[in-house]
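The values are calculated or read from the model by the stated rules, or taken from the named source; none is laboratory data. Note that the coordinates shown come from a computational prediction; the quantities given were computed from them, not determined experimentally. Ideal geometry is used to build each Cβ from the backbone, glycine not excepted, and the neighbour counts take in all protein chains shown.
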């Protein structure tokens, strides 16, 4: 690579390096710098305004939340006060004290809690109608051969008490008749009691608080209804006599049998016990582990039992008058009290619930109006849709305002709890009796738990749980507040969204206007017209003002573009006056000094005429560039055809096409099996005009006959004409593509290229115009040939690829 | 034709610029032409009405009216179809040339031409009269174009 010459304008060298490889010299890109914006963008400002606007509803929201908290605290206080008053009332009620004292003698024994059945129970020996009950069965097991176990459920409905007993026994015996000795003496008959129960039996003992006791025997010969009889002789009642009002049904199952019993509901606090007795014959007296008795002359009846009370204990209790004896061993019957519920009901309004538990947490009364609808009136009446909307709004409000709440498994849809959980009983707090929580069904409740102690005695007797449904219209005094809040939130979101959308639209409009304004002036300085916006706001005004400004600027640019043409026209007449005046002077009558001055004036007029013609030609060329038509052509083929035509026009020169700088001195040194893709989108007429000028220039100043049409495929494409000649100086290259040739400079340097300034200057300015019309650049540099003072002068243009 | 023959030719010069008009009148007079200079279209039409010149040397731009020369050419051509008309203008664009010729002008000279080329103007006279007299009818316009390109 020879020495390259960078022009004073710089772009010649840089473009040449891009097309032809490294060319030494200076280069500088001409571009419009984009200044950084330090100020806050309008979009950001609008966003800040939007956020600040959102601050107002946030403050409103905080106010509503505060108001809601106040209302909630008021409701908490009111409910606490109501619950405390109810508790005081209950403490003073004798019935309550009596019920709460029932378990004093037998704390912790909740096996005999009779759950209130919501459906009728049919005494048929099957367990299907017991499935809905929530209590768990009490289980008792006994070892033996075979082992037996007993489990039972207790329920109450109306005036009856129900028991469902299940006994697991591998060997069920309904009837074992004794083998009597034909020669037996008077005292050798079987025990009458054994004759009464000579199979597997169940015995139930019930002792009312007033001391009246019943010892019932359930025994059948075959599964089915059971004739309930007295199991013991007492107070004139003979064992085996029927017990009126009692019913039972026996049903055998694969692993034993089950018995369903109905009896008149004993008073709460009654002592009660049950036992299942397994009977079998034995050849001898049993050991100590089982109970046995002689059964006939040669056999023994071996019996062993499982249950809450032994058969013998039951018999003894029947014969004893001391109720305290039973209290030590028998269980205590508990169940919900209608009387206590009636005490609670006046305190329960729609949306509330009051429950009374004993010391052990057993449910004694439940007045539940938690989900009852409000009585319709003008203030609460509404359509289903409105109520649904209220519910949705309230849920939303609760979601935002309430936060996390403890979860309790109490729900309307699941089984009613029969006991107060131990953790809640242990956590009862006199200072903060009212808490808020949520059920598994997402019902938000406000509950007040109060410990009931005995009046005058510091002894815990029970608990009162008073609850209100926060989602119940009557319980939620803040429902309108919740609606207001949610509407505020929705309105805020909507306003915020609208504000953001508006800000975005504003930003887009400004950005679009900015983009159009930035594209209004192309790199040649031509100003495009801008259609003003029809909007009646400030941006519309700005758009219209900008459009008007651009229109004026475009007009002025057009004026400047045509200035050279007008100037040349306007200068033509005075120039002609000067020239014709000088030429009309009779030089023969002038002395030498005057002729010399006249020659100078004539020379100046000639130079001025050259400049005027150059300006005029430049104006014409710019017009033709603006109206050029661009098509996609293969440049290599196009260039080869041009070379043939140039050879015909310039027979004194040899034209050839080269694809690299190496081929300037070594034709054919570069062999390309496949021709490079030289397609480009160009204006062929313009390009041919530029090539004509370059070829004319090369032919005029070539010191050898070789003229090379150079095409370097790639990005960008390079298209140039090379000829041998003197090395170009930087000053000369700077003037090569100038629109107005500096004739003074040319005369100063005296180089051949600029001797005819009009020809070279305006012609190569055409090359620059055409290069820029193709978004390319003019290029010019010198390449040494190896012969002293002989260079390849490469002048052309770079073109972007397709 | 001889210079004497040409010198008897009468040229009507229409030029609104007095200095330029005087210079052309002086130069053409020295060259042997009888020059009558007029500064406006009306004066030109009046002069032609009095006496038809041999050639009209017509400036396109007349004062503020930049196209007045074309209008005058059209008017003269209607009244005097064989009157030789040569445009003289500072305009050099091809459009002006074509417009002038389509209006019936016989040739087109730019003002930038030197008076040294007056001899060529005389040659144009010769060519124009030759074409009107049928000597160079075939080559008329093409000849003038070729001649103009010599500048």
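Computed values, structure above
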{"quantity": "Residue identified as at pLDDT below 70 and assigned to a helix (DSSP H, G or I) among A:748, A:768", "calculated": "A:748"}
{"quantity": "Subset of region A:231-247 [crowded, with 16+ Cβ neighbours inside 10 Å and modelled with pLDDT under 90]", "calculated": "A:231, A:232, A:233, A:234, A:239, A:240"}
{"quantity": "Restricting region B:45-64 to residues that are in contact (Cβ under 8 Å) with a residue 24 or more places away in the chain, within 18 Å of residue A:573 (Cβ to Cβ) and out of contact with any helix residue (DSSP H, G or I) (no Cβ under 6 Å at 6 or more places or on another chain), the residue that is surrounded by the most Cβ atoms within 10 Å (Cβ to Cβ)", "calculated": "B:57"}
{"quantity": "Subset tally (residues that are free of Cβ contacts under 8 Å to residues at least 40 places away in the same chain and loosely packed, with under 15 Cβ neighbours inside 10 Å) for region A:554-564", "calculated": "6"}
{"quantity": "Qualifying residue in region A:568-578 (condition: buried (at least 17 other Cβ atoms within 10 Å of the Cβ), touching a strand residue (DSSP E or B) at 6+ places or on another chain (Cβ under 8 Å) and within 14 Å of chain B (Cβ to nearest Cβ))", "calculated": "yes"}
{"quantity": "Of residues in region A:603-648 being within 13 Å of residue A:688 (Cβ to Cβ) and outside any helix (DSSP H, G or I), the one farthest from the other protein chains (Cβ to nearest Cβ)", "calculated": "A:633"}
{"quantity": "Residue pairs meeting the criteria (Cβ under 9 Å; at least 6 apart or on separate chains; first over 19 Å from residue B:48 (Cα atoms) and within 12 Å of chain A (Cβ to nearest Cβ), in region B:2-25; second at pLDDT 85 or above and surrounded by fewer than 13 Cβ atoms within 10 Å (Cβ to Cβ))", "calculated": "none"}
{"quantity": "Which numbered condition residue B:111 misses (of (1) more than 14 Å from chain A (Cβ to nearest Cβ); (2) at pLDDT below 85)", "calculated": "(1)"}
{"quantity": "Scan of region A:354-369 for residues that are over 23 Å from residue A:138 (Cβ atoms) and surrounded by fewer than 22 Cβ atoms within 10 Å (Cβ to Cβ), ordered by number", "calculated": "A:367, A:368, A:369"}
{"quantity": "Subset of region A:579-597 (residues that are surrounded by 10 or more Cβ atoms within 10 Å (Cβ to Cβ) and more than 14 Å from every other protein chain (Cβ to nearest Cβ))", "calculated": "A:590, A:594, A:595, A:596, A:597"}
{"quantity": "Selected residue [more than 28 Å from residue A:462 (Cα to Cα) and modelled with pLDDT of 85 or more] from A:83, A:127, A:24, A:117", "calculated": "A:127"}
{"quantity": "Qualifying positions in region A:194-245 - closer than 19 Å to residue A:313 by Cβ and assigned to a helix (DSSP H, G or I)", "calculated": "A:194, A:196"}
{"quantity": "Condition broken by residue A:761, with the remaining ones in (1) within 28 Å of residue A:644 (Cα to Cα); (2) at pLDDT below 65; (3) not in a helix (DSSP H, G or I) satisfied", "calculated": "(3)"}
{"quantity": "Test for residue A:463: is it in contact with a helix residue (DSSP H, G or I) (Cβ under 8 Å, 6 or more places away or on another chain) and either crowded, with 19+ Cβ neighbours inside 10 Å or at pLDDT 75 or above (or both)", "calculated": "yes"}
{"quantity": "Test set (1) touching a strand residue (DSSP E or B) at 6+ places or on another chain (Cβ under 9 Å); (2) more than 10 Å from every other protein chain (Cβ to nearest Cβ); (3) modelled with pLDDT under 80 - residue A:525 fails condition number", "calculated": "(1)"}
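Every residue, every condition in (1) free of Cβ contacts under 8 Å to residues at least 40 places away in the same chain; (2) surrounded by fewer than 16 Cβ atoms within 10 Å (Cβ to Cβ); (3) touching a strand residue (DSSP E or B) at 6+ places or on another chain (Cβ under 6 Å); (4) more than 14 Å from chain B (Cβ to nearest Cβ), yes or no:
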{"position": "A:534", "(1), (2), (3), (4)": "yes, yes, no, yes"}
{"position": "A:541", "(1), (2), (3), (4)": "yes, yes, no, yes"}
{"position": "A:544", "(1), (2), (3), (4)": "yes, no, no, yes"}
{"position": "A:566", "(1), (2), (3), (4)": "yes, yes, no, no"}
